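Working notes, beginning with the structure itself.
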Amino acid sequence: MFRESQPIAYDAPADLKKWPSLKNERVSSKTAYLVYNGTLADCIRQLLAKPIRQISLYDIVTERQPAFDGNVLSPGDAAEIAMRKDFPKA
């Protein structure tokens, strides 16, 4: 989850990670692996470019910010962040 009223540092370093899957479901006994390393904004863009059926297999790991409850953003959080007025255009 994130707090809508708090600013977000979109240029913060972040990693897009993918969980191994079986029948398009996360295999939680395995470890997520790095798919992309860049800024938070870039990772959100990369995630949202993935096929919708596979998007649940990804997480974004970034530094803690006052707007976030933790340092892992779910695909749902990323989609909501991308809709913010202050989200940087590509």
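With respect to ILE8, is the statement that it is in contact (Cβ under 8 Å) with a residue 40 or more places away in the chain, surrounded by 16 or more Cβ atoms within 10 Å (Cβ to Cβ), part of a loop (DSSP other than H, G, I, E, B) and of a type in the set (A, V, I, L, M) true? Full working, then the answer.
Values: in contact (Cβ under 8 Å) with a residue 40 or more places away in the chain: yes; surrounded by 16 or more Cβ atoms within 10 Å (Cβ to Cβ): yes; part of a loop (DSSP other than H, G, I, E, B): yes; of a type in the set (A, V, I, L, M): yes.
It is true that ILE8 is in contact (Cβ under 8 Å) with a residue 40 or more places away in the chain, surrounded by 16 or more Cβ atoms within 10 Å (Cβ to Cβ), part of a loop (DSSP other than H, G, I, E, B) and of a type in the set (A, V, I, L, M).
ARG64: assigned to a loop (DSSP other than H, G, I, E, B), out of contact with any strand residue (DSSP E or B) (no Cβ under 8 Å at 6 or more places or on another chain) and among the basic types (Lys, Arg), yes or no? Explain how you work it out, then say what you get.
Numbers: assigned to a loop (DSSP other than H, G, I, E, B): yes; out of contact with any strand residue (DSSP E or B) (no Cβ under 8 Å at 6 or more places or on another chain): yes; among the basic types (Lys, Arg): yes.
Judged against the criteria, ARG64 is a match.
Give me the pairs, please: first residue somewhere in region 49-64 and modelled with pLDDT under 95, second residue anywhere and among the charged types (D, E, K, R) and assigned to a loop (DSSP other than H, G, I, E, B), beta-carbon distance under 6 Å, and either six or more positions apart or on two chains.
Taking only residues 6 or more apart or on different chains, not a single pair turns up.
For region 75-90, how many residues are free of Cβ contacts under 8 Å to residues at least 40 places away in the same chain, surrounded by fewer than 17 Cβ atoms within 10 Å (Cβ to Cβ) and within 17 Å of ILE52 (Cβ to Cβ)?
Step one: list which residues in region 75-90 are free of Cβ contacts under 8 Å to residues at least 40 places away in the same chain, which gives 75-76, 78-79, 82-83, 85, 89.
Applying the additional criterion that residues be surrounded by fewer than 17 Cβ atoms within 10 Å (Cβ to Cβ) yields 76, 79, 82-83, 85, 89.
Filter again for within 17 Å of ILE52 (Cβ to Cβ), leaving 76, 79, 82-83.
Within region 75-90, residues that are free of Cβ contacts under 8 Å to residues at least 40 places away in the same chain, surrounded by fewer than 17 Cβ atoms within 10 Å (Cβ to Cβ) and within 17 Å of ILE52 (Cβ to Cβ) number 4.
The values are calculated or read from the model by the stated rules, or taken from the named source; none is laboratory data. Owing to the predicted nature of the structure, the values given are computational and were not obtained by experimental measurement. Here the Cβ is made from the backbone with ideal geometry for all residues, glycine too, and neighbour counts use every protein chain on show.
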